[in-house]
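Peer 1: Before anything else, here's the structure in question.
The values are calculated or read from the model by the stated rules, or taken from the named source; none is laboratory data. In this text, all values refer to a predicted model and were calculated from it rather than measured experimentally. Cβ atoms come from the backbone with ideal geometry, glycine included; neighbour counts cover every protein chain shown. In case anyone asks, the SASA skips ligands and DNA or RNA and just uses the protein heavy atoms, side chains included. Shrake-Rupley method; radii C 1.70, N 1.55, O 1.52, S 1.80 Å.
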Amino acid sequence: MRLLILGGTGPCGLQLIEQALALNHAIVVYARSPQKLPQTITSHPSVTIVSGELMDEEKLSAAMEGVHAVLSALGPAVKNGPFHPSTTPLARAYALLISIMKARNVKRLIALGTASMKDEHDKFSLEFSVLVGGVAIFAHNAYKDVVAIGETIRTAPPEELVWTIARVPLLTEKPDKEVIAGYVGDGKTKTKLSRAAFAAFVLKELEANEWCGKAPLISSP
């Protein structure tokens, strides 16, 4: 497939790109700062780099041409959490993205999310209540933006957008790709996930389509 990857310069995005290339996908990386990408990616014959801002409709639309699906690792930068803008910039970017996908007839979106995006299938978990509560208090604007991203994606008409939100807990750099998919408080999912496992789940879901219209919490075993 030809895939558009957003958030490709971050740790999760790099994992997505590298694993997608290993599966012989063609990749379009849309990034504000493509110079952050390693040469092994920028020089790869199956990679097209498009430099642009998230709210640049013309450039984002051009990057979407010929794409079969959009994989997004966008999210608030952890180091900027307390200073994240109050204007929900990422949610607004997703609204633009979804409108461009509709215009380009691209229906499949798999996006990074967090447990801050509550789901009707979630149950009470003390660990996740503490984690989400801490983010809501100490990085409130980032929390608000993440919640708004979930609302933006979920309210898109199902005939126009086939979405999956892969909600992640605390992310690690471990190489393990094993993953459990479920919901908060289900007795199976844990509080940690490797970034490699996030990418592996997204690429598996791209083929399997097991979680369309759903927002599972994914974790390491």
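Peer 1: Given the criteria farther than 23 Å from K177 by Cα and either among the small types (G, A, S) or open to solvent by 10 Å² or more (accessible area, probe 1.4 Å) (or both), does S51 qualify?
Peer 2: Criteria met by S51.
Peer 1: Taking the condition of being under 15 Å from the mean Cα position of the chain (by Cα) and either of a type outside the set (A, V, I, L, M, F, W, C) or open to solvent by 90 Å² or more (accessible area, probe 1.4 Å) (or both), how many residues in the range 20-36 meet it?
Peer 2: 1
Peer 1: If you don't mind, another one. Kindly indicate whether any position in the range 196-203 is touching a residue at least 24 places away in the same chain (Cβ under 8 Å) and open to solvent by 40 Å² or more (accessible area, probe 1.4 Å).
Peer 2: Scanning the range 196-203 turns up no residue that is touching a residue at least 24 places away in the same chain (Cβ under 8 Å) and open to solvent by 40 Å² or more (accessible area, probe 1.4 Å).
Peer 1: Mind listing just one residue for me: the one in the range 11-42 that is small (G, A, S) and modelled with pLDDT of 95 or more and, of those, nearest to E57 (Cα to Cα)?
Peer 2: A31
Peer 1: Output the qualifying pairs, or none if there are none: Cβ atoms under 9 angstrom, residues six or more apart or on different chains, first residue in the range 107-125 and farther than 20 Å from A199 by Cα, second residue open to solvent by 10 Å² or more (accessible area, probe 1.4 Å) and among the acidic types (D, E).
Peer 2: Going by the 9 Å Cβ cut-off, the qualifying pairs are H121/D186; D122/D186; K123/D186; S125/D186.
Peer 1: Name the one entry in A166, A91, A95, A148 that is at pLDDT 95 or above, crowded, with 21+ Cβ neighbours inside 10 Å, on the phi < 0 side of the Ramachandran plot and among the aliphatic types (A, V, I, L, M).
Peer 2: A166
Peer 1: Of the residues A69, A95, A63, A26, only one is within 24 Å of N141 (Cβ to Cβ) and either in contact (Cβ under 8 Å) with a residue 12 or more places away in the chain or of a type in the set (K, R) (or both); which?
Peer 2: That would be A95, the only listed residue that is within 24 Å of N141 (Cβ to Cβ) and either in contact (Cβ under 8 Å) with a residue 12 or more places away in the chain or of a type in the set (K, R) (or both).
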